[in-house]
Amino acid sequence: MATIVTTVTEVLRYRGKIGQWSWVFHRVSGLGIVLFVCLHVVDTSWAAFYPDLYKQAIAEYQSPLFTIGEFFLVAAVVYHAINGYRIIVLDRRPHLWHLQQRAAVLVFVVVGIILIPVFVLMFGHVLDYYDTDPEFVSIAEIAETQAQFAIGFVVIVGAALILSFLQAIINGENISDPIPGMRRASQLDIWFWKFMRVSGLLILPLVFGHLAMMHVIMGVFDITAAGGDVIGTDLVNQSGSAVEFVGDRWNFLVAGVAVWRLYDGALLGLIVLHGFYGLRLVVNDYAHNRVVNRALNWAIVFGAAGLILVGSAALFAGVENTAEALLQNIVARS
């Protein structure tokens, strides 16, 4: 903890100009995105396994607190994507390294050009929804839900610390020992370095498409609009249920292929692997104690594997039965 505090203090004191702040914003935006991905994968899986919990999650996303967070999330994704593209290009073009400062400035300009119309459209959805005088979930309910996620995080990290401590005892390590110094990059490290660049390029159109559909063309508020369109399909959300929206979208077939399940599956795998490896790099920068570093790396590996398993299980299971039951309820009420 002291190392992290010292590092943050040095970042604020060091006058590295725009290059430093590009690095800071890239890292902070990446961490924010990873946090949201953890929440989003878990709560979207509830559409398949715990429909009532998913309904509650969407209600929280429609609250003012999460509405503000949505704007920060979109800004983080856009900045991280555009700046990541800058990193990839300059990695492959060493003769352009003298243009680093101009490239960093260009990134901020491009991000601003993208975000201005995007925020205008998003704010339009917010105003339309607030004009209906909706009932919002209380801060206390949101805090209770997020506390459950926090407890899960603490349990995972705590279990990893205990296992790492036991490993240290078995290996005869001193628990205060630092991690080894500079070492030669392994083949796995080299592979992941390449993967981060390739996955970044593959993620770019996928994540921008997702943001356009779910945050710009329509908003989180439209997911629960009875009679509203299910974006990306020719279907209508008859019940106005978020669960039916997800079910209709995942079940929509093009030439017999569930295209949106494949799309979301590709996003799931690429973003989790890309994001959690980035998280590993951050941990290795700041966690220098051998036991703590090993524990956090284990937590990252198991966390990424768990998210992919949970998300994949939901995609494979679908929400056919839930959506069908909702439709039957509509017919019965009519």
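The values are calculated or read from the model by the stated rules, or taken from the named source; none is laboratory data. Values in this document were obtained by computation on a predicted structure and should not be read as measured data. Note: ideal-geometry Cβ built from the backbone for every residue, glycine included; neighbour counts use all protein chains shown.
Of all residues in segment 142-160, at least one satisfies being acidic (Asp, Glu) and either touching a strand residue (DSSP E or B) at 6+ places or on another chain (Cβ under 6 Å) or part of a helix (DSSP H, G or I) (or both).
The lone criterion from (1) of a type in the set (Asp, Glu); (2) under 28 Å from Gly269 (Cα atoms); (3) at pLDDT 85 or above left unmet by Asp189 is number (3).
Here is the figure for segment 52-79: residues that are of a type outside the set (D, E, K, R), more than 17 Å from the chain's Cα centre (by Cα) and more than 20 Å from Gly306 (Cα to Cα) total 6.
On the stretch given as segment 26-51, residues that are surrounded by fewer than 19 Cβ atoms within 10 Å (Cβ to Cβ) and either modelled with pLDDT under 90 or among the aromatic types (Phe, Trp, Tyr) (or both) total 3. Of the residues Phe208, Phe245, Phe302, Phe316, the single one that is aromatic (Phe, Trp, Tyr), in a helix (DSSP H, G or I) and surrounded by 20 or more Cβ atoms within 10 Å (Cβ to Cβ) is Phe245. Does any residue of segment 317-329 turn out to be in contact with a Gly (Cβ under 9 Å, 6 or more places away or on another chain) and either at positive phi or modelled with pLDDT of 90 or more (or both)? The answer is yes, given that some residue of segment 317-329 is in contact with a Gly (Cβ under 9 Å, 6 or more places away or on another chain) and either at positive phi or modelled with pLDDT of 90 or more (or both).
Looking only at residues in segment 47-83 that are of a type outside the set (D, E, K, R), without any contact (Cβ under 8 Å) to a residue 40 or more places away in the chain and in a helix (DSSP H, G or I), the one that is farthest from Leu115 (Cα to Cα) is Leu53. For segment 185-195, the set of residues classified as out of contact with any helix residue (DSSP H, G or I) (no Cβ under 6 Å at 6 or more places or on another chain) and not charged (D, E, K, R) consists of Ala185, Ser186, Gln187, Leu188, Ile190, Trp191, Trp193, Phe195, listed by residue number.
Within the span defined as segment 112-119, every residue fails to be modelled with pLDDT under 95 and surrounded by 14 or more Cβ atoms within 10 Å (Cβ to Cβ).
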